[in-house]
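Worksheet: the structure to be examined is printed underneath.
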């Protein structure tokens, strides 16, 4: 407002300053923590913002449920709450597309800044929401939408603003990472481990969004948009979940000094004609045990960023949970509040590069293929022939077992994903191949 | 200026916008990279800033040295360069206190934003410089001053603005980390490894600032100031270098499943009366091999942040070198330039908490003490007695060798550092102790 007080330490003298009013939409794990921290840390927040931060109300679905907050602050009418003149910042933690989308739009259009952790919404509608924010000259912050407490949006958007990002690869879904880590450690199979994750609270009753990669794909879309200054939505992300990963795959991965992780990968594809595209994809992949992401276990998240000048950076921490996610939400809230007190706004969507999406077929990948084969001479030569035909070079072969249990494992060098998947299709048609039991990609290697 | 164009992607239409003029002071490794990237990436920078970014001049000490830049841009008169009306942002990469301090002050006072990587200057004079920036309502950014390309200042200042930081511990000096990693790997002693680091370009001709911990202490002061919203200068940092670490220490550390790293530690000290202080300290310490910092080797840097709600976060990457440091400088430059085009400013110094400094004597630490002792019964009881007297509890003891080579290694539990160092002094006075050969602290454990 005044724009004159820049140093937070000066503001203790400014007592007449108008408080910043906050509306919180949703009071689940994260919302409850946000409300608690705003209340408990009021003095610190006032000093950091340069004005008191006051909760105007919390919108919930069910008013009758007991909550750790004064009843007078609760409402089941979010639209009226955000319409209040004394609300400056709306913190949206309801999740889902509707009614969050309309509520956020309305908030932005009426000049409120918005902080949200809603990855599903952002993966579809960042363009629409950022336009509304730009029009109204307010902030739209969403650090908590990707990797919980780990700062990754702000580093990508601001710290790397003078660099050229080549690749972002991360473990950004705690549920699937917990399941794969457990399978790796215990040798249990997917179904049992998923059930255990549910019992321990790491998987939801309907785990589809996590285990089928939808959550990771939404985050990949958000990361790719920012990293490559292009609009990438969830529909642009090639997506494969972890439900077909077996205990046997994890054992086999170890023999190649690898483990298996569900990765969200955003890549700048540099085509031979000098043009560039963006690949965004989510799939379970083998990565070498020496890769920095290989040791990220349990519900932890990590994101590796490779940029032309910065080189390889890694960000690691808790990717979910009430308090960690609330930490990220509150960092955004303080910045939005500071901007309202001191003037200025954070950066919004940047899509100037407008890079097209590279379909998965065009992306260079490596494959790990495990198959049951007939135990007779010449099979390897026949199999190898199919790869040669499609210019896919084989990096390693293992022959295991004998008789009915004869198996062949092939790991390929980099080649267009289409050529790799064509090889798999051809193998499935071969007489000598009884069954292609497993196909996974291999990431995190240089060759 | 206009404050109306928020979305970088919109600005392609705004061609009449005034360019942002940049003055670069210093053209060493980092300066040369900054100039190269500004030139090579002009289109991207224009889109991200919302205006063209133009280098107005580069101040160097020696005009006659050949450089990869048009002679007309070079000057040996930095004061005249920054005084130019068409300079909006000054990028200071000269290093050292003088004349950088006066030049930055002048730049800020005349309304230019400043980006600097000068940790020695910031560790002493952030207060003075931030006041000048606040007064003139301009930016002072310094992401590159700590840990090169790794975003750590911005996450601490912005992403964690709603959280309570408890601890920051980092490996922030590449030279000493290279030396300790090499000693650990090769078994070579300190002097030989330092000489090798010099040959490979990892140590300067005069390595004092690195090996005696001055560089790490300056960075600790900067990190502590931000993390705890208090003014901490280099003089407040307890500092010990690595020159007394021996090959034998690294071997002994391994026996305790530890390695040795030079750590910069910033800690919120919570006293029993409920008051809080700040401890900032730099010393070589044993850390468990399972600690995330234990695997940070060579010239890499990493910073672990522990916050009340976010939990433990880790940031990892290249902490030095021309391109990585230039990446951080340019991130800051883009943000400062955006603020000049779109209005607003980033946060400056925040010292509202004004926590006092806790001297090292008061800080709870753990000790690792290795000594040569007389090979006779009762020595251990005598040694243990000195610890008991000072209420320092022993966690582990190893007796090794015999006769003239009889050695005793003691690892203590947490106790005030003063009590620990008093124990060491008492041991040095004991007849049964021939020599206290090594004293190091142990960090990164829970007990």
Here the Kirkwood hydrodynamic radius of chain B, Cα-based and in Å, equals 23.6 Å
Checked the stretch A:43-115 against the a/c 1.5 cut and the a/b vs b/c comparison, axes a ≥ b ≥ c from its Cα gyration tensor; verdict oblate
Taking the protein assembly as shown and counting helices only, DSSP H stretches of n ≥ 4 at -39,500 (n - 2.57) each over all residues, the nearest-500 ellipticity at 222 nm comes to -10500 deg cm²/dmol
Per-residue average of other protein chain Cβ atoms inside 10 Å, peptide B:319-330 -> 4
Expected integer from the mean partner chain Cβ neighbour count at 10 Å over A:351-359 is 3
For the axis mapping A onto B, the chain A residue whose beta carbon sits nearest, plus its rounded distance in angstrom, comes out as A:344, 1
For chain A, averaging the sequence separation of alpha carbon pairs under 8 Å that lie six or more residues apart and dividing by its residue count, the contact order in percent is 16 percent
Connecting every pair of Cα atoms under 10 Å apart in chain B and solving the GNM, the largest mean-square fluctuation among B:331, B:70, B:28 falls on B:70
Exposure proxy check on A:72, B:400: fewest-to-most Cβ neighbours within 10 Å is A:72, B:400
Row for the protein assembly as shown, column shape: gyration tensor on C-alpha, a ≥ b ≥ c, rounded if a/c < 1.5 i.e. under 1.5, prolate if a/b over b/c, else oblate; value rounded
Counting other chain Cβ atoms within 10 Å of each Cβ in A:228-234 and taking the mean gives 1
Taking 0.36 nm per residue of separation between residue B:80 and residue B:189 and subtracting their Cα-Cα distance, the length gained on full extension comes to 34.3 nm
Rounded to whole angstrom, the alpha-carbon centroid of the stretch A:127-204 lies from that of the stretch A:254-298 at a distance of 15 Å
For chain B, longest principal axis from Cα atoms; helix B:119-136 axis from its Cα atoms; angle between them, nearest 10 degrees, is 40 degrees
Highest mean packing first, using Cβ neighbours within 10 angstrom, the peptides A:33-39, B:19-25, B:332-338 sort as B:332-338, B:19-25, A:33-39
Ranked output for segments B:87-94, B:390-397 by mean other Cβ atoms within 10 Å, highest leading, reads B:87-94, B:390-397
Among beta bridges assigned by DSSP with both residues in chain B, the antiparallel ones amount in percent, to the nearest 5, to 70 percent
Longest principal axis of chain A (C-alpha) makes with the long axis of helix A:322-342 (C-alpha) an angle, in degrees to the nearest 10, of 50 degrees
Taking Cα atoms only, helix B:100-109 is inclined relative to the longest principal axis of chain B by an angle, in degrees rounded to 10, of 50 degrees
Note on the protein assembly as shown, DSSP bridge orientation, antiparallel percent to nearest 5 equals 70 percent
Label model pair residue B:98, residue B:374: point-to-point distance (7 angstrom along the Cα→beta-carbon line) in nm is 5.7 nm
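Since every read-out is calculated from the coordinates, none of them should be taken as a lab result. These numbers were taken from a predicted model, which means no experiment stands behind them. Cβ sites come from the backbone with ideal geometry, for glycine too, and all protein chains shown count toward neighbours.
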